[in-house]
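Read through the structure below, which is laid out as structure tokens, and then see the notes.
The values are calculated or read from the model by the stated rules, or taken from the named source; none is laboratory data. Computed from a prediction, not measured in an experiment: that's the story for all the values here. Backbone-built Cβ (ideal geometry, glycine too); neighbour counts: all protein chains shown. Remember, those area values only see protein heavy atoms, side chains included, never the ligands or the DNA or RNA. Shrake-Rupley method; radii C 1.70, N 1.55, O 1.52, S 1.80 Å.
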Amino acid sequence: FDKDGTLLETSSVRIKDVPLITGLQMNECILNQKIEPKEQDVFPVILKMAQLIIKYEIPVSEIQFNTLSDIRIRSNSIWISFGDIREVDAKMAELPAVLESLYGKQGELNMEHFSEDNKVISFKAN
């Protein structure tokens, strides 16, 4: 889908290096028609997240939108909780170094309260 939510392509086979988007609730998906999710402003957020993932070369297999205030991504065996989209640029810029330090571990990284002024990140191992 594009930034406006028009469904451009479907596949029954998972495409390598394309994150799975989960958590979106909608009635139907019809090719070349606009998807109407429960959260109306989700597509610009997905686009922003995708751009930052590419920019910072973060290996992401899934982007989960429970709500616009509960966004998570999966990188290898680590779930990263972002909370909402606030400070997402700063969070994504910090993420590659944090993930490198956690290489080989499993668990959840909490970046919900991270900002330029408050660099608090917690990790809970599984």
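Here are some notes:
- The phi torsions of segment 77-84, fed into the Karplus equation with coefficients 6.51, -1.76 and 1.60 and a -60° offset, translate into couplings of 9, 10, 8, 10, 8, 9, x, 9 Hz, rounded to whole numbers, with Gly and Pro shown as x.
- Between 0 and 90 degrees, the angle of helix 42-55 with respect to the longest Cα principal axis of the chain falls at about 50 degrees.
- Using the 1.4 Å probe convention, the accessible area of the chain works out to 64 Å² per residue with neighbouring protein chains retained.
- Of interest is the spacing of the C-alpha centroids, which for segment 7-77 and segment 99-113 amounts to 21 Å.
- With 30 Å as the limit on Cα-Cα distance, the pairs of K38/K119; K16/K48; K16/K119; K3/K124 that go past it are K38/K119; K16/K119; K3/K124.
- Carbon/sulfur fraction of accessible area - the chain, other protein chains in place, 1.4 Å, %: 48
- Among the GluC sites (Glu not before Pro) in segment 1-82, those placed in a DSSP loop whose Cβ has at most 10 other Cβ atoms within 10 Å are E9, E28, E57.
- Overall Cα dimensions of segment 46-106, principal axis frame, Å, largest first: 29, 21, 17
- Taking a ≥ b ≥ c as the square roots of the eigenvalues of the alpha-carbon gyration tensor, segment 1-53 is classed oblate because a/c is 1.5 or more while a/b is no larger than b/c.
- For the chain, a simple Cβ point-charge model (Lys and Arg +1, Asp and Glu -1, everything else neutral) yields a dipole of about 360 debye relative to the Cα centre.
- Degrees, to the nearest 10: 88-101 long Cα axis against longest axis of the chain: 60
- Shape metrics for the chain, restricted to C-alpha atoms - Rg then Dmax, Å: 15.0, 44
- DSSP bridge orientation in the chain - percent antiparallel, rounded to nearest 5: 70
- Helix-only [θ]222 nm of the chain, DSSP H runs n ≥ 4, -39500 (n - 2.57) each, per residue, nearest 500: -7000 deg cm²/dmol
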